[in-house]
1. Within segment 150-170, count every residue that is over 23 Å from H130 (Cα atoms) and in contact with a Gly (Cβ under 7 Å, 6 or more places away or on another chain).
2. Would you please name the residue that is surrounded by the fewest Cβ atoms within 10 Å (Cβ to Cβ), looking only at residues in segment 76-125 that are of a type in the set (A, V, I, L, M) and under 14 Å from P50 (Cβ atoms)?
3. Looking for something touching a His at 6+ places or on another chain (Cβ under 7 Å), farther than 20 Å from S88 by Cβ and touching a residue at least 24 places away in the same chain (Cβ under 8 Å) - is there at least one such residue anywhere in segment 160-170?
4. For segment 11-31, how many residues are of a type in the set (A, V, I, L, M), more than 16 Å from S152 (Cα to Cα) and within 12 Å of the chain's Cα centre (by Cα)?
5. Working only within segment 129-158, note down all residues that are of a type outside the set (S, T, Y) and within 15 Å of A60 (Cβ to Cβ).
6. Only residues that are under 27 Å from K185 (Cα atoms), of a type outside the set (A, V, I, L, M, F, W, C) and either without any contact (Cβ under 8 Å) to a residue 12 or more places away in the chain or not in a helix (DSSP H, G or I) (or both): list them for segment 89-112, please.
7. How many of the residues making up segment 22-48 are in a strand (DSSP E or B), farther than 16 Å from V118 by Cβ and either among the hydroxyl-bearing types (S, T, Y) or touching a His at 6+ places or on another chain (Cβ under 7 Å) (or both)?
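No value in this document is a laboratory result; all are computed from the given coordinates. None of the values given here were measured: they were computed from a predicted structure. Cβ atoms come from the backbone with ideal geometry, glycine included; neighbour counts cover every protein chain shown.
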Amino acid sequence: MADNQFPGWHGTTIIGVKKGGKVTIAGDGQVSLGQTVIKGTARKVRRLSPGGYDVVAGFAGSTADAFTLLERLEAKLEATPGQLARASVELAKDWRTDKYLQKLEAMLIVTDGDELLVITGAGDVLTPEHDVTAIGSGGNFALAAARGMMDSDKNAEEIARAAMAIAADICVYTNGKLTVESISK
């Protein structure tokens, strides 16, 4: 089947919210192929602990590609302990210049409880404005909902959960079965 005939991969929303000294990353569990839900309970948010240094990462895109990137990120973190931004930039440089990695189709949101970053295959390492970011099919819905709650009394996890519920109500490629990980510095 030609690439342009293959049904599009959709099916995730990942959000990162930083508030009150805590960062929460939440992701839904839906994986879709075209108009079919393949799985509803995927875990797209994971805790990494290279060398005892805790990092939480969420991914959107191809699962195999994301796992490849997470393994590379862990290696970069082991080489630069405690330096999430530096490890992320090194990963983005490799991703952008390596012929194998260039073909990977995924995005990452990562945090060590202090920094909140988005890493893309275009070589970007982005620090979001307003301490909230989101990726994936329902990312813009979750982002808008979370931004609207940032001035409320809700904490980071409550905002992430509420924003994900809103995204799940709007985006057909997002469900309400969440994996949520929080981390503080």
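1. Looking only at that region, the number is 0.
2. If we take residues in segment 76-125 being of a type in the set (A, V, I, L, M) and under 14 Å from P50 (Cβ atoms), then A79 is surrounded by the fewest Cβ atoms within 10 Å (Cβ to Cβ).
3. Within segment 160-170, none of the residues are touching a His at 6+ places or on another chain (Cβ under 7 Å), farther than 20 Å from S88 by Cβ and touching a residue at least 24 places away in the same chain (Cβ under 8 Å).
4. Adding up the residues that qualify gives 4.
5. Those that are of a type outside the set (S, T, Y) and within 15 Å of A60 (Cβ to Cβ): A134, I135, G136, G138, G139, N140, F141, A142, L143.
6. Listed by number, the residues that qualify are T111, D112.
7. So the answer is 2.
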